[in-house]
Amino acid sequence: MAGVDVGGTRVKSVLADDDGSVLFSHTASTPERPGAGVVDVIVDAVTTLLDLARADGIDGRLAAVGAVVPGLVDEATGSAAWSANLGWRDLPLRDLLRSRFDVPVAVGHDVRAGLLAEFHLGAAKGVPDALFVPLGTGIASALLASGRVVAGTEWTGEIGHVTVQPGGPVCGCGRRGCLEAVASASALGRAWRELGRDGDAETLSLAVADGDPEAIRLWEDAIDALVRVIGPVCAAAGTRVVLIGGGLALSGAVLLEPLRDRLVSVLGHDRIIVTRAALGDRAGALGATLLAMEATA
Ligand SMILES: [Zn+2]
């Protein structure tokens, strides 16, 4: 079973046995805007894993391949519908990969696959109602409801572009005041430097812990914005665990505790846990392997 996660900068891949235990893993750089060339990128990653296995004396017979990508993904058709950064549109990725591997292929969304991995192997293990929110360069989300990852349409999970500050900072999508223009790790780092301070979101989080008033104001604005979007999702879905991932999750309690306090206050109950995702940057590739296992079932 091979699982490949094509990210904006790195391609992470794992080879697992039939039980899902990881045998080998590999990381490569993502070529700039690969477009349809992403098919070759995935084939190269799998070939490298099989070579590693053979070099170790393991029969490299491939049972299935799972590939996950960012952007808009239609899991039903296996189409990579759109990625602004990686340069594809309406790419029939599952069909293209099937013609190269001749084994079952599953194509998924990186964040949804990450949540699937957290549910089976990580911080949401055994919790059937969870929301995964990676806070990195951008902000995305994936929702687990009654033990199923929700994949309604290709727009599912795109909470990063919900307006939270009309007229606020310009977003990568061209609009103003989107959640990810206010509360992503990149946006916070940028806002911090615009105040004439050095560093990034991590530096900012240390200043918050030190009680710096300017830092605290930025931080609270970001938490307000997150709660305004995450709160109603949790209310609608009955979410029990919110998993925070991405670079900003590394700030730990300085983020997670106020976020949980504010969520409890808007939801009106305290049966919600806010915690760090456990699998880090391996979640996508592990989730891709789980999708590959499902494809053989
Ligand atoms: Zn936006």
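The values are calculated or read from the model by the stated rules, or taken from the named source; none is laboratory data. As the structure is a prediction and not an experimental result, all values here were calculated from the model. Methodologically, a virtual Cβ is constructed for each residue, glycine included, from the backbone with ideal geometry; neighbour enumeration extends over all protein chains shown. Accessible surface areas use protein heavy atoms only, side chains included; no ligands, DNA or RNA. Shrake-Rupley method; radii C 1.70, N 1.55, O 1.52, S 1.80 Å.
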Expressed as a whole percentage, what fraction of the accessible surface of the stretch 1-155 belongs to carbon and sulfur atoms when a 1.4 Å probe is rolled over the protein heavy atoms?
-> 49
Helix axis angle, 110-121 relative to the chain longest principal axis, alpha carbon, degrees = 80
By how many degrees, between 0 and 90 and to the nearest 10, does the Cα long axis of helix 283-296 differ from the longest principal axis of the chain?
-> 40
For the stretch 188-271, the accessible surface attributable to carbon and sulfur atoms (probe 1.4 angstrom, ligands and nucleic acids excluded) amounts in percent to 50
So how do 245-255, 264-274 stack up, highest first, on mean other-Cβ count within 10 Å?
-> 245-255, 264-274
Cα gyration tensor shape for the stretch 17-163, rounded if a/c is under 1.5, else prolate or oblate | oblate
For the chain, find the longest principal axis of its Cα atoms and tell me its angle to the long axis of helix 253-267, 0 to 90°, nearest 10.
-> 80
In terms of modelled amide H atoms, which long-range or inter-chain residues lie less than 5 Å from the amide H of Val164?
-> Cys178, Leu179
Residues of the chain: accessible area per residue with a 1.4 Å probe, Å² = 45
Who wins for biggest fluctuation among Ala130, Ala283, Ala237 in a Gaussian network model of the chain, springs between alpha carbons below 10 Å?
-> Ala237
If one computes the Cα centroid of the stretch 40-87 and of the stretch 90-109, what distance in Å separates the two points?
-> 8
Protection proxy ranking of 191-198, 92-99 - average other beta-carbon atoms within 10 Å, highest first = 92-99, 191-198
Gyration tensor (Cα) of the stretch 126-278, equivalent ellipsoid semi-axes in angstrom | 25, 18, 13
Rounded D (µm²/s) - the chain, Kirkwood Rh over Cα pairs, Stokes-Einstein at 10 °C, 1.306 mPa s = 81
GNM on the chain, C-alpha springs below 10 Å: top fluctuator among Ala67, Ala151, Ala84?
-> Ala84
